[in-house]
Amino acid sequence: MANLFLTPNKIITGEGALELAASHIENLGTRALIVTDNMMVKLGNLEKITKVLDKLNLKYEVYSEVNSEPTNVMVEKGKEIYKNSNCDFLISLGGGSPIDTMKAIGALIAHEGEISDFLGKIIENELPKMVAIPTTAGTGSEATQFTIISDITKGVKMLLSGQVLIPNLAIVDPVFTMTAPPIVTAATGIDALTHAIESYTSRKSQPMSDSFAISAVKRIFKYLKIAYTQGDNKEARTEMAIASLEAGIAFNNSSVTIVHGMSRPIGALFHVPHGLSNAMLLENCLNFAKDGCEEKLAQLAKAIGIENLGVKESAEAFIKEVSILCKDLKIMTLEEYGIEKEEFYEVLDKMAEDALESKSPLNTMKQPTKEDIIEIYKSLWG
Ligand SMILES: NC(=O)c1ccc[n+]([C@@H]2O[C@H](COP(=O)([O-])OP(=O)(O)OC[C@H]3O[C@@H](n4cnc5c(N)ncnc54)[C@H](O)[C@@H]3O)[C@@H](O)[C@H]2O)c1
Ligand SMILES: [Fe+2]
C-alpha cells in the first residue's frame, strides 16, 4: 500500500536554531504578523524574534493576545490586524495556541468566510508563508496540517485540516521551552506522548509515521520526568523538543484516535488545557483500545525496555508504565481540576456526539460506539 508523508518544507532544530533560521525567513515576505501571547512578551522571547527581523530589515506587527486556547474571536481579530497592517507573512511564537491561531488567520486570509465554515472541509487555497516557533514540547503543531479552534457560540473545539496548514518553516529551539513551568511541561509532554501512541496504534499508521512515533515514545519515557523535575536541564528539554516534533510528524501522517476525540469536548465545555484532558483520559482509553492493538502496544513496551513478557502482558505493562508516568507528573483528575460531577454528567451525551463527529475515534483499531465513549467518560470519576 502506498502512503503520502508530509513535513514542513524546512525544519531547524537545536540550540541556536533561531539564528540559523534568519536567512530562511528573509525571503518569506516583507511585513510579518507575529502571533504570540503575553507570556512570550514578558519573557523577552518576542524581542529575540523582532531583533532577528530588524537585522533582516523586515517589518512586523505583533498580535500578542492569544492568552488561552484559541477561539474564533481571537482568529477574527488577528485577521483584521493582518489585513489592516498590510502584512504578507506570518510568524507564531508560543505553545500550540499561538501556532494554531496563526494557521487559522492564514486560512481566513486565503479564503472568504468564517473559520467555522471549514469544519468538515479541507482547507485548500495557498496560505501566506508561515513560520512556527514552538515554546512548549508539546503539540507538534509546527509540523501538522491541523489547527484546533473553539467555536465559542457552539461550545465545540473544531479540528480543521488541510495540507496548506503545515508551516513552511519550523524553528524548534529547545531554549524557548526552558521556562515552561512544571504543570505546562507535564501536560504538554503527555500531549506529545498521546500523539505518538495514537499515531502508532491508529488504523491509518504507516511505516514512516511508525518510525517517528516509536522514537518519540522512547525519548519521552527517558526525558519527560527529568524536564518536569529539572526545568533547566538542557539535555532533557532538547530531547523533549525533538520528541514533540517527532510525535507531531507521526500523527500528521497517520492520525490521532480515541483520546484526542474525547479530549476536545472536555476542553470545549470545561476549559481543561488540551494536554491535561488527554492525560486524564489516556490510561482508560488505552484500556478500552488495547484489544484492537495489543501487538503494537507490545512493540511500544519493548521500545521502553519491557522484555520477556507475552504480547498481552507486554501491552498491559506498557499501559501501566503510562499510568505511572502520569502519576509521577501529578496529573490532576477532573475532580481535582474543580469540575462538578453533576455538570459533567449532564453533558455526557453532547460530548460523546461531538467526539464521534470529529471522526478521530473512528481511527482507533477497536472502534468505540457512543455508549462506549460515555462509559469511558464516566470511568474518569472512578
Ligand atoms: N494543531 C495541532 O496539530 C495541535 C496538536 C495538539 C494540540 N493542539 C492545540 O494546541 C493548544 C495547546 O497548546 P499548548 O499545550 O502548547 O499550550 P498553550 O500554547 O495554550 O500554552 C499554555 C500556557 O503555557 C505558557 N507557555 C508556553 N510556553 C511557555 C514557556 N516556554 N515558558 C513559560 N510559559 C509558557 C503559555 O503562555 C500558556 O499560558 C490547544 O488549543 C490544542 O488543541 C494543536
Ligand atoms: Fe494533542
Here the residues within region 19-65 that are assigned to a strand (DSSP E or B) and either among the acidic types (Asp, Glu) or farther than 15 Å from Gly95 by Cα (or both) are Arg31, Ala32, Leu33, Lys59, Tyr60, Glu61, Val62
Of the residues in region 128-147, those that are near ligand 1 (Cβ under 10 Å from one of its atoms) and β-branched (Val, Ile, Thr) come to Thr135, Thr136, Thr139, Thr144, Thr147
Among (1) without any contact (Cβ under 8 Å) to a residue 12 or more places away in the chain; (2) buried (at least 23 other Cβ atoms within 10 Å of the Cβ), Asn308 falls short only on (2)
Filtering region 116-137 down to residues that are among the β-branched types (Val, Ile, Thr) and within 13 Å of ligand 2 (Cβ to nearest atom) yields Thr136
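So which residues in region 123-134 are of a type in the set (A, V, I, L, M, F, W, C) and within 19 Å of the chain's Cα centre (by Cα)?
We begin by selecting, within region 123-134, every residue of a type in the set (A, V, I, L, M, F, W, C); these are 123, 127, 130-133.
Within region 123-134, Ile123, Met130, Val131, Ala132, Ile133 meet the criteria.
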Of the residues in region 208-254, those that are surrounded by fewer than 21 Cβ atoms within 10 Å (Cβ to Cβ), of a type in the set (S, T, N, Q) and either outside any helix (DSSP H, G or I) or within 18 Å of the chain's Cα centre (by Cα) (or both) come to Ser215, Gln230, Asn233
Flagged in region 138-168 as closer than 16 Å to Glu357 by Cβ and either outside any loop (DSSP other than H, G, I, E, B) or within 16 Å of ligand 2 (Cβ to nearest atom) (or both), in numbering order, are Phe146, Ile148, Ile149, Ser150, Asp151, Val156, Lys157, Met158, Leu159, Leu160, Ser161
The lone condition Gly162 fails out of (1) more than 8 Å from ligand 1 (Cβ to nearest atom); (2) at negative phi; (3) at pLDDT 95 or above is (2)
The residue that is farthest from ligand 2 (Cβ to nearest atom), considering only those in region 80-102 that are outside any loop (DSSP other than H, G, I, E, B) and surrounded by fewer than 20 Cβ atoms within 10 Å (Cβ to Cβ), is Asn84
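Restricting attention to region 237-260, report how many residues are within 11 Å of ligand 2 (Cβ to nearest atom) and either at pLDDT below 95 or not aliphatic (A, V, I, L, M) (or both). Talk me through it step by step, then tell me what you get.
The initial filter retains those residues of region 237-260 that are within 11 Å of ligand 2 (Cβ to nearest atom), namely 244, 247-248, 251, 256, 259-260.
Retained after the next criterion (residues that are either at pLDDT below 95 or not aliphatic (A, V, I, L, M) (or both)): 244, 248, 251, 260.
Number satisfying all stated conditions: 4.
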Counting only helices (runs of 4 or more DSSP H) wholly inside region 298-382, the ones holding at least 2 residues that are of a type in the set (A, V, I, L, M, F, W, C) are 311-328, 348-357, 370-379
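For region 13-22, what are the residues that are polar (S, T, N, Q) and under 17 Å from Thr50 (Cβ atoms)?
So the first thing to find is which residues in region 13-22 are polar (S, T, N, Q), and the list is 13.
Residues satisfying the conditions do not exist here.
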If we keep only residues of region 169-196 that are β-branched (Val, Ile, Thr) and surrounded by 23 or more Cβ atoms within 10 Å (Cβ to Cβ), then the residue nearest to ligand 2 (Cβ to nearest atom) is Thr194
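This table checks each residue for (1) over 30 Å from Ala186 (Cα atoms); (2) modelled with pLDDT under 95; (3) in contact with a strand residue (DSSP E or B) (Cβ under 8 Å, 6 or more places away or on another chain).
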{"position": "Asn45", "(1), (2), (3)": "no, no, yes"}
{"position": "Thr50", "(1), (2), (3)": "no, no, yes"}
{"position": "Lys55", "(1), (2), (3)": "yes, no, no"}
{"position": "Thr71", "(1), (2), (3)": "no, no, yes"}
{"position": "Val75", "(1), (2), (3)": "no, no, yes"}
{"position": "Ser85", "(1), (2), (3)": "yes, no, yes"}
{"position": "Leu90", "(1), (2), (3)": "no, no, yes"}
{"position": "Ile105", "(1), (2), (3)": "no, no, yes"}
{"position": "Ala110", "(1), (2), (3)": "yes, no, no"}
Condition set within 16 Å of ligand 1 (Cβ to nearest atom) and closer than 14 Å to Lys129 by Cα, scope region 12-48, selection surrounded by the most Cβ atoms within 10 Å (Cβ to Cβ): answer is Val35
Among the residues of region 255-286, the number that are more than 9 Å from ligand 1 (Cβ to nearest atom), in contact with a strand residue (DSSP E or B) (Cβ under 8 Å, 6 or more places away or on another chain) and not in a helix (DSSP H, G or I) is 2
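The values are calculated or read from the model by the stated rules, or taken from the named source; none is laboratory data. In this text, all values refer to a predicted model and were calculated from it rather than measured experimentally. Glycine gets a Cβ as well: all are built from the backbone with ideal geometry, and neighbour counts include every protein chain shown.
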